[in-house]
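Engineer: Take this structure first; my questions come after.
The values are calculated or read from the model by the stated rules, or taken from the named source; none is laboratory data. Please read these numbers as outputs of a predicted model, since none were measured by experiment. Cβ coordinates were reconstructed from backbone atoms using ideal geometry, including for glycine residues, and neighbour counts include every protein chain displayed.
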Protein chains: 2
Amino acid sequence: MKIVCSKSDLLNGVQIALKAVSAKSTMPILECIVIEVTSNQIKLISNDMELGIETIINGEIVEEGVIAINAKIFSEIVRKLPENDVTIQTDDNFKATITCEKSKFEILGKTSEEFPSLPTITKNKPIILSQFSLKEVIRQTVFSIADNESNKIMTGELFEIEKNELRVVSLDGHRISIRKIQLNQEYEDTKVIVPGKTLIEISKILSGEVSDELQIYTSDKHILFEFDKTTVLSRLIEGEFFKIDQMLSNDYETKVTINKKEFLNCIDRATLLVKESEKKPIIVNITDSDLELKINSSIGSMNEEIDIRKEGKDILIGFNPKFLIDALRVIDDEEVDIYLFNPKAPCFIRDKEENYVYLILPVNFSGAV
Amino acid sequence: MKIVCSKSDLLNGVQIALKAVSAKSTMPILECIVIEVTSNQIKLISNDMELGIETIINGEIVEEGVIAINAKIFSEIVRKLPENDVTIQTDDNFKATITCEKSKFEILGKTSEEFPSLPTITKNKPIILSQFSLKEVIRQTVFSIADNESNKIMTGELFEIEKNELRVVSLDGHRISIRKIQLNQEYEDTKVIVPGKTLIEISKILSGEVSDELQIYTSDKHILFEFDKTTVLSRLIEGEFFKIDQMLSNDYETKVTINKKEFLNCIDRATLLVKESEKKPIIVNITDSDLELKINSSIGSMNEEIDIRKEGKDILIGFNPKFLIDALRVIDDEEVDIYLFNPKAPCFIRDKEENYVYLILPVNFSGAV
């Protein structure tokens, strides 16, 4: 195998492939990137058994062949090479020689025979959306997946398509995040649970451009994302997602309209006084024209008032500040509406069109404030 | 005590004072910043028993007084306050109330009675240099102090003044770094050993501006830096510094002139193949018109050639790559001269005027390369 490609093309491809490389695996071959050179293309392949990536890079093909190279070492070498053409040549003993200008590296690769090939899935009609939309919707929901494996389904996100609407849902037992996107055409009803890890890795690769398209294919067990010269294939999480619609409600006793940035900064200040381990709630006291935020901890106390517009009853309610911060951070609106029912019922932060809905459970707080 | 000052002035002062706050001390009072308000000034004071800082901040003095406040909590609160005027008020029980716009924090402070006052030193004629010069000279030498305490003197830097020249020296047993600065006037001969930690902290506070002056005073046991509205007082390390002049030599068998950036990038690439634990040397092979750099490790091998100008003999010599990288990084010249004697003798990187001299000991490497 022998190829010549620019350092920047190579580096770009390697950084994409790295997203599906196991850091530490019981199968050392999974710590490799496979370079597969056929008559017409140079492909980099990685696979951690959950997630697989194939990406094609530009370059001159001098000789076909295939080799598996330790991803960490290979990526570090490529990163530090001069900005010029890079030649990669392998011999029959899987020794890879990487040359760039006067710099020459030799590292020992492996046969790719043991490397698990990516499952193939039947490509039906793809779901099409912009890279921007997918990247945004991941950012706006992925923080509320559960990070432990005790409930596998909570570590993923529901991707649900009905007609021309994509709804993405994540939840962790204390909160639910929902985002809706309008698609350009109607599709068959689809409901899959995509692992959170897949979504986190893919959003690092996506350009985030509105003008860059992306195709999604699904099968029973897999989801395939195709964009630019890259294919990302992920296992799906099997099982039935939670029935969230029965947890949602449009009833409320109190509606508050508040400046998002002021509210966020204020909560941010209040959390200074909370040690991670203490799990102290912040107390929100909503009266006619202002929202008072209070916190008392072993370190000290803080309170602050924010002007609001209010409909309905006064209410005194406690929250885990992190949950409010997470939701407010990913809302782009200048003002947000918060709907409350009573101090034991979930609150909802949502816009009128319900393009976003964030449900947050309140926290009990003991007596006197 | 009651003061009103702008958030930015307060934050700036707090960040300076933080540099001399113990992170974890057996004396909890040392985790505090003292706010001392007298009839004409607001002073922040910190002291970790090695290093003491006093800095004056602008503000309105409403009531005199003094309080010690936990530095970590206080600095975090100040950092997150809105950009506006901040009022700090304390009561007889050392409760501090910090208000800014509609935000109000209450934290419990302490009496400053237990806080160790900074030693006073007699101020003779100060040594004057620019903040830029001091910051630069620290950056250019501090990497080669020893980081363990087994030899206390090696954890500091020699500041030696003779007439109108300041020479700063650090060494760790494998290398010596020397920088010389011309001062604007002549001073009495002075020789002190300043703790590396002091220099690292002070260089974080210095503006780095050529036009900003700084005064240095020394006594038997202390060194005092005065600049802007800040005073930094440090203990000196007691003892006699190493006699370095007898280790320096202007003899050489080989002189190499090399492009600094090329050499640095090349060493940087070579170190990719070295695991921290392996301590593999890089092999430098100097022949008539080029310098070849080689490394062989368990991961692979690398070699690269760089064009040079050479005087004298060919030489094959091994180095710890980190020592070369550290020295080359802080030299601003485009080309550097390297002087070598033999594979067991130290090499010198120095300019003609000897404004900088970096001595690096070579490393033995075993036989065949």
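Engineer: Tell me, which strands (runs of 3 or more DSSP E) wholly within segment A:11-94 include 1 or more residues that are aromatic (Phe, Trp, Tyr)?
Structural biologist: Fully inside segment A:11-94 and qualifying: nothing.
Engineer: Take the conditions farther than 13 Å from residue A:108 by Cα and free of Cβ contacts under 8 Å to residues at least 40 places away in the same chain and apply them to residue A:75. Does it pass?
Structural biologist: Spelling it out, it is not the case that residue A:75 is farther than 13 Å from residue A:108 by Cα and free of Cβ contacts under 8 Å to residues at least 40 places away in the same chain.
Engineer: For the structure I just gave you, tell me whether residue A:352 is more than 13 Å from chain B (Cβ to nearest Cβ) and surrounded by fewer than 21 Cβ atoms within 10 Å (Cβ to Cβ). Quick ask: steps written out before the conclusion?
Structural biologist: Values: more than 13 Å from chain B (Cβ to nearest Cβ): yes; surrounded by fewer than 21 Cβ atoms within 10 Å (Cβ to Cβ): yes.
For residue A:352, the condition - more than 13 Å from chain B (Cβ to nearest Cβ) and surrounded by fewer than 21 Cβ atoms within 10 Å (Cβ to Cβ) - is met.
Engineer: Out of curiosity, is residue A:208 touching a Lys or Arg at 6+ places or on another chain (Cβ under 6 Å) and among the small types (Gly, Ala, Ser)? Reasoning before the result, please.
Structural biologist: Values: touching a Lys or Arg at 6+ places or on another chain (Cβ under 6 Å): yes; among the small types (Gly, Ala, Ser): yes.
Spelling it out, residue A:208 is indeed touching a Lys or Arg at 6+ places or on another chain (Cβ under 6 Å) and among the small types (Gly, Ala, Ser).
Engineer: Still on this structure: Checking residue A:79 against (1) buried (at least 16 other Cβ atoms within 10 Å of the Cβ); (2) modelled with pLDDT of 95 or more, which single condition isn't satisfied?
Structural biologist: Tallying (1) buried (at least 16 other Cβ atoms within 10 Å of the Cβ); (2) modelled with pLDDT of 95 or more, residue A:79 fails exactly one: (1).
Engineer: Going through A:16, A:77, A:73 one at a time, which residue ends up being of a type in the set (Val, Ile, Thr) and within 22 Å of residue A:117 (Cβ to Cβ)?
Structural biologist: It is A:16.
Engineer: Looking only at residues in segment B:256-276 that are more than 14 Å from every other protein chain (Cβ to nearest Cβ) and surrounded by 16 or more Cβ atoms within 10 Å (Cβ to Cβ), which one is farthest from residue B:58 (Cα to Cα)?
Structural biologist: B:256
Engineer: Something else now. With respect to residue A:329, is the statement that it is of a type in the set (Lys, Arg), under 24 Å from residue B:82 (Cα atoms) and touching a residue at least 60 places away in the same chain (Cβ under 8 Å) true?
Structural biologist: yes
Engineer: Can you tell me how many residues in segment B:63-76 are buried (at least 16 other Cβ atoms within 10 Å of the Cβ) and more than 12 Å from chain A (Cβ to nearest Cβ)?
Structural biologist: So the count comes out to 5.
Engineer: Quick one: count up the residues across segment A:299-330 that are hydrophobic (A, V, I, L, M, F, W, C), within 14 Å of chain B (Cβ to nearest Cβ) and either under 16 Å from residue A:276 (Cα atoms) or surrounded by fewer than 18 Cβ atoms within 10 Å (Cβ to Cβ) (or both).
Structural biologist: So the count comes out to 2.
Engineer: Under the condition of being part of a strand (DSSP E or B) and either surrounded by fewer than 16 Cβ atoms within 10 Å (Cβ to Cβ) or hydrophobic (A, V, I, L, M, F, W, C) (or both), which residue from segment A:107-118 is farthest from the other protein chains (Cβ to nearest Cβ)?
Structural biologist: A:108
Engineer: Same structure again: Just to confirm my filter: which strands (runs of 3 or more DSSP E) fall fully inside segment B:256-369 and include at least 2 residues that are over 24 Å from residue B:246 (Cβ atoms)? Write out each step before concluding.
Structural biologist: Working: elements: B:282-286, B:290-296, B:300-312, B:315-319, B:335-340, B:347-350, B:356-360.
Because the criterion is at least 2 residues that are over 24 Å from residue B:246 (Cβ atoms), the strands (runs of 3 or more DSSP E) in segment B:256-369 that meet it are B:282-286, B:290-296, B:300-312, B:315-319, B:335-340.
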